[in-house]
Amino acid sequence: RVCDDLHEGVRQEAVRAISQYWNDDPETLYWLGERVQIDENLDVRRAIVWEIARYRNDSPDTLPLIKKWVLSDRNPDFLFPAVATIARYWKDDLNTFLWLKEQAESSQSPEVRSFSIWAIAEYWHDSLDTLQWLKELVESNQQPNVRVSAEWVLWALWAIARHWKNDPSILLWLKGQARSNNSFDVQLESVKAIIEYWKNESSTFDFLCEVINQNSFIQIGKEDFEYEKSPRCLALKGLLEIAPDDQRVIDLLRDRAANDPDDLLRQWATEQLTKIAPQ
């Protein structure tokens, strides 16, 4: 195994050397392009994409080639660095932004859509149009009674929370999604983002209490309960992190243990009570 790892490391270094010292040779791009498609080692394939972009980003042939790989590959561990490379090295090209936006809105690959959304938020978050576009992606992709939302919708939501966390209006927007979005996934991730970035905000405590008392999610099935699936349970966990000794939190746990419509959540709340208030 050590020998295999060493061998892969040598191949990656070889890719870097070839890209750097023979980047003017037209055969170099052709040979590296072949390796991307046939090499069995993911790290070697990713190194090829990165080094081609690094040393040949001024060549008119490089960007179309990487785009072609993005559109034809199905491995998310390859697609993410490929999309990220396009965004980084061609971020000053308006066509790059437009191409990524097209992929985010209409690609048949959920991974390409998700990674394109990440790239736009990462490199074009200074644009107000980007924020509005991301919000529309979240708000317009919901159907009544939807429990599971497309992964790329959640990437858009988290991009908003991460890049605009200092904008007071984003907290209000996330609260709105947690209260009224038809997707329980979006509700859940909105609560999670608020706990992640606004834990110390004065209004967060009351908001989490509201989620616990009003959210209508009920877990389907009898599999092991995961608090990540329930907005109410996630809100309870957030309160336990924010104010574990607050009597209001203990009272909420007791109420959920006795009255929650989800029997799995009642069980979870009971277990938490035995840890913090055994009496």
- prompt: Is it true that Leu100 is more than 15 Å from Val70 (Cβ to Cβ) and either touching a His at 6+ places or on another chain (Cβ under 8 Å) or among the aliphatic types (A, V, I, L, M) (or both)?
  reply: no
- request: Give me the pairs, please: first residue somewhere in region 105-119 and assigned to a helix (DSSP H, G or I), second residue anywhere and among the acidic types (Asp, Glu), beta-carbon distance under 6 Å, and either six or more positions apart or on two chains.
  value: Pro110/Glu151; Ser114/Glu151
- line: Checked region 179-208 for anything open to solvent by 10 Å² or more (accessible area, probe 1.4 Å) and under 15 Å from Ser140 (Cα atoms); matches are Ser180, Asn182, Phe184, Asp185, Gln187
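Quick grid of which residues meet (1) among the polar types (S, T, N, Q); (2) open to solvent by 50 Å² or more (accessible area, probe 1.4 Å); (3) at pLDDT below 80:
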residue	(1), (2), (3)
Asp4	no, yes, yes
Glu13	no, yes, yes
Ile18	no, no, yes
Gly33	no, no, yes
Gln37	yes, yes, yes
Ala53	no, no, no
Asp58	no, yes, no
Pro64	no, yes, no
Leu71	no, yes, no
field: Residues within region 189-208 that are assigned to a loop (DSSP other than H, G, I, E, B) and within 26 Å of Glu151 (Cα to Cα), tallied
entry: 2
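The values are calculated or read from the model by the stated rules, or taken from the named source; none is laboratory data. What you see is a predicted model; the values in this text were computed from it and never measured. Note that each Cβ is placed from the backbone with ideal geometry, even for glycine, and that neighbours are counted across all protein chains shown. Keep in mind that these areas ignore ligands, DNA and RNA; they rest on the heavy atoms of the full protein, side chains included. Shrake-Rupley method; radii C 1.70, N 1.55, O 1.52, S 1.80 Å.
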